[in-house]
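Here is the structure we will look at, set down as structure tokens.
The values are calculated or read from the model by the stated rules, or taken from the named source; none is laboratory data. Please read these numbers as outputs of a predicted model, since none were measured by experiment. So basically every Cβ, Gly included, is an ideal-geometry build from the backbone, and we count neighbours across all protein chains shown. These accessible areas exclude ligands, DNA and RNA; they are computed on the full protein's heavy atoms, side chains included. Shrake-Rupley method; radii C 1.70, N 1.55, O 1.52, S 1.80 Å.
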Amino acid sequence: MKCFAILLAMAAPGILLAQQEPGAKPSPKPAMSYPPAAFAVQAPDEGSPFFAERQSAKFAMSQEGQSLREVDTVAVFPKSKDSPDSVTTIFTRFFTDMFASVKVGRLRLEKTTQNLGVEPAEFSLSERRELDTTYSVRNNTKKLMRLDFNTTQRIDILTSDASGKVIEKWSEDRAFQLQEGIVIINPRERIEYSEKVATREMKPSEAYTIKADVVGYPDYTATTTVTPSP
């Protein structure tokens, strides 16, 4: 009898909590029927590249809206993995078409970068007899770059007209010694030469090409175009 009283005391809080408070509305009963739209079958997106037709089925819902019945079934299976309808073919075709118009630029830099600057960029022949040029070669590699020369000349600068005829050669009126030399360009550094180019053979309103390069290294060439005014 004593044990029964203890068990009743322990269960009393749960019984009290389960009792409904006075004036509270009763909890609604769960609905036993659902609208037909809840059972609607959404067709897969056939435009998706990941859609592969395996079985196409049409279903009709009974008037009670509680059961489905199959009215038409068409099964299509690819005959081989290389079939146009196979998942592998569709997946490959999707990414091939997506990246077909993407052009990946060159990721690696050129071994060297050459630059030729001319000052002033705009000038009058009546005011300028010479132009200031700055020619540089940059080593883009992670190794030392060695340039060997047979004389003391390191660069040359040519000025050509629109037809390609050379009208001015920077080294033409300069003397160089027959002395071998070496120029070293450290990684990620450059060498730079500042020289003057004559304008005496130029004509106003005509375009001229100025080209600078390293003697014996025709790949290290830089050009620019100038058009003097009267």
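Taking the criterion of being of a type in the set (A, V, I, L, M, F, W, C), in contact with an Asp or Glu (Cβ under 9 Å, 6 or more places away or on another chain) and closer than 23 Å to Met202 by Cα, the residues of segment 107-153 that qualify are Val118, Leu131. Contact map, segment 147-165: first residue of a type in the set (Asp, Glu), second residue assigned to a loop (DSSP other than H, G, I, E, B), Cβ cut-off under 7 Å, separation 6 or more or different chains; pairs are Asp156/Val215; Asp161/Glu206. If the condition is being open to solvent by less than 30 Å² (accessible area, probe 1.4 Å) and farther than 13 Å from Val118 by Cβ, then segment 200-230 contributes Val214, Tyr220. What number of residues in segment 110-161 are under 21 Å from Phe176 (Cβ atoms) and not in a strand (DSSP E or B)? Summing the residues that are under 21 Å from Phe176 (Cβ atoms) and not in a strand (DSSP E or B) in segment 110-161 gives 5. For segment 187-197, the set of residues classified as among the hydrophobic types (A, V, I, L, M, F, W, C) and either exposed (fewer than 15 other Cβ atoms within 10 Å of the Cβ) or without any contact (Cβ under 8 Å) to a residue 60 or more places away in the chain (or both) consists of Ile191 only.
Kindly check whether there is at least one residue in segment 170-179 that is at pLDDT 95 or above and of a type in the set (Lys, Arg). No - not one qualifying residue is present in segment 170-179.
Report yes if Ile184 is modelled with pLDDT of 95 or more, β-branched (Val, Ile, Thr) and open to solvent by less than 60 Å² (accessible area, probe 1.4 Å), otherwise no. The answer is no for Ile184. Residue under question is Arg188, and the condition is that it be more than 39 Å from the chain's Cα centre (by Cα) and in a loop (DSSP other than H, G, I, E, B); does it hold? Here the answer is no, as Arg188 does not meet what is asked.
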